[in-house]
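Asker: My questions all concern the structure below.
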Amino acid sequence: MQHLDVQVVEQALTWVNQGEDVWLCTVLSTFGSSPRAPGCMMAALGNGRHIGSLSGGCIEEDFLARLTQGTLNHGIGVLRYGDDGIGGPKVSLPCGGALEVLVEHFPAEPSSQEHLEVLLYSLCGQRSLVRRVDLVGGDRTLHDDESGGARVVRHPDLSSVQIRVGPAARLIIAGVSPVSVICAEFARTLGFEVIVCDPREDAQAGFHCAGIDFRPVLPSLVIGSPGVCHSGTAVVALTHDPRIDDLAMMEAVNTPAFYIGVMGSKRTSEARAQRLRRSGGLSALDIERIHMPVGLALGSKTPAEIALAVMADIVRVQRGLARHAL
């Protein structure tokens with residue numbers, strides 16, 4: 001999940017609490033080229049005010065026009081865009097693809113509030129869930145996700161859909177450096193919630209990135225705090241300062257983070273592994289979890305190239321791809 005989806009559900013919940021009816025849209029499936037993946041969300045009010053996105057803009061424009069015209073008053077439905085509008089709106093995507101969108105009406109009532117609260121709880125990393133939506137009767141239920149699998153699954157007779165909801169992507173960057181600044185910007189663009197930690201006053205003065213949570217404390221303190229690192233979290237240390245990087249790694253291996261990495265050459269990484277075993281008490285399995293050196297081997301030299309390699313490797317692991325599959 002993307003951090004944008006957290007913002008979407010937060011705003012939808014706020015609107016419902018304020019007495020507003022909300023329409024929640026979820027991408028169910030894509031065909032060919034499509035700008036948003038299944039599971040991505042957008043929320044809107046009847047007056048056209050909205051948050052989130054479904055495409056590059058053309059779909060949102062059509063949907064909001066229909067909403068403000070009052071043609072989407074049904075409780076639950078599916079709209080198909082692209083493919084010359086076959087079976088749905090006459091909107092063709094510039095990329096030539098197609099997608100299906102689940103549209104749900106959440107009236108301003110306690111049941112809507114409860115559903116959105118649990119959904120937000122899941123997105124914030126506390127619980128992995130499956131939303132089951134009855135496309136015929138309109139019932140919505142939430143269940144613990146115990147099996148995993150595709151983000152969106154349609155029932156063979158198209159009568160229902162189940163949508164897996166889990167922790168939104170989060171990146172914790174230990175330490176400020178030229179690489180970490182660019183890495184933070186890349187990650188924010190990719191939809192990650194980004195937290196940067198560094199207790200050094202000179203580092204704090206040189207960090208200026210809009211939309212990023214900066215915390216002037218040791219990264220290890222943040223990483224080790226309950227609830228901060230969940231299964232959708234990546235942790236990277238990018239300073240070349242062992243006092244920051246090593247402590248961050250020692251805490252990170254005790255979390256369910258899906259990616260842990262630290263910057264440095266192969267020689268530096270070997271020395272760090274020895275320190276972490278000797279001084280940090282890390283086991284061989286702990287060391288194996290750490291990507292040292294961090295990132296894909298792209299021959300990177302500049303801070304921007306290194307940051308690109310770091311984020312590319314994080315996305316690779318997030319997508320479940322082995323290095324040899326690239």
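The values are calculated or read from the model by the stated rules, or taken from the named source; none is laboratory data. From a predicted model like this one, the values you see are computed outputs, not experimental measurements. Neighbour counts are summed over all protein chains in view; Cβ atoms, including those assigned to glycine, are modelled from backbone coordinates with ideal geometry.
Asker: Residues that are under 23 Å from residue 196 (Cβ atoms), surrounded by 15 or more Cβ atoms within 10 Å (Cβ to Cβ) and more than 23 Å from the chain's Cα centre (by Cα): does region 300-310 have at least one?
Answerer: Yes, the conditions are met somewhere in region 300-310.
Asker: Which strands (runs of 3 or more DSSP E) does region 1-77 wholly contain that include 2 or more residues that are modelled with pLDDT under 85? Spell out the reasoning first.
Answerer: On the way: elements: 22-31, 41-44, 50-52.
Where strands (runs of 3 or more DSSP E) fall fully within region 1-77 and carry at least 2 residues being modelled with pLDDT under 85, they are 22-31.
Asker: Quick one: residue 265 ticks every box in (1) within 19 Å of residue 296 (Cα to Cα); (2) among the polar types (S, T, N, Q); (3) without any contact (Cβ under 8 Å) to a residue 24 or more places away in the chain except a single one, so which number is it?
Answerer: Residue 265 satisfies all of (1) within 19 Å of residue 296 (Cα to Cα); (2) among the polar types (S, T, N, Q); (3) without any contact (Cβ under 8 Å) to a residue 24 or more places away in the chain except (3).
Asker: Are any residues in region 123-173 under 17 Å from residue 113 (Cα atoms) and assigned to a loop (DSSP other than H, G, I, E, B), and if so, which ones?
Answerer: Selection gives 124, 138, 139.
Asker: Do you know which residues across region 280-326 are hydroxyl-bearing (Ser, Thr, Tyr) and either assigned to a helix (DSSP H, G or I) or farther than 18 Å from residue 237 by Cα (or both)?
Answerer: Just the residues of region 280-326 that are hydroxyl-bearing (Ser, Thr, Tyr), to begin with: 283, 300, 302.
283, the sole residue that qualifies.
Asker: A further question follows. When you scan region 87-122, how many residues do you find that are at pLDDT below 90 and assigned to a helix (DSSP H, G or I)?
Answerer: 2
Asker: Right, another one. Determine if region 152-171 includes at least one residue that is closer than 24 Å to residue 318 by Cα, modelled with pLDDT of 95 or more and not basic (Lys, Arg).
Answerer: Yes; the residues of region 152-171 include at least one that is closer than 24 Å to residue 318 by Cα, modelled with pLDDT of 95 or more and not basic (Lys, Arg).
Asker: Suppose we filter 297, 271, 257 for residues that are surrounded by fewer than 19 Cβ atoms within 10 Å (Cβ to Cβ) and within 26 Å of residue 326 (Cα to Cα); which single one remains? Before the answer, list the steps.
Answerer: Working: 271 fails: within 26 Å of residue 326 (Cα to Cα); 257 fails: surrounded by fewer than 19 Cβ atoms within 10 Å (Cβ to Cβ).
One residue alone meets the criteria, 297.
Asker: What residue, among those in region 201-245 that are hydroxyl-bearing (Ser, Thr, Tyr), part of a loop (DSSP other than H, G, I, E, B) and touching a residue at least 40 places away in the same chain (Cβ under 8 Å), is surrounded by the most Cβ atoms within 10 Å (Cβ to Cβ)? Reasoning before the result, please.
Answerer: At the first step, the residues of region 201-245 found to be hydroxyl-bearing (Ser, Thr, Tyr) are 220, 225, 231, 233, 239.
When the remaining residues are screened for being part of a loop (DSSP other than H, G, I, E, B), the result is 225, 231, 239.
If we keep only those that are touching a residue at least 40 places away in the same chain (Cβ under 8 Å) too, we end up with 231, 239.
Numbers: 231: 13, 239: 23.
Here the answer is 239.
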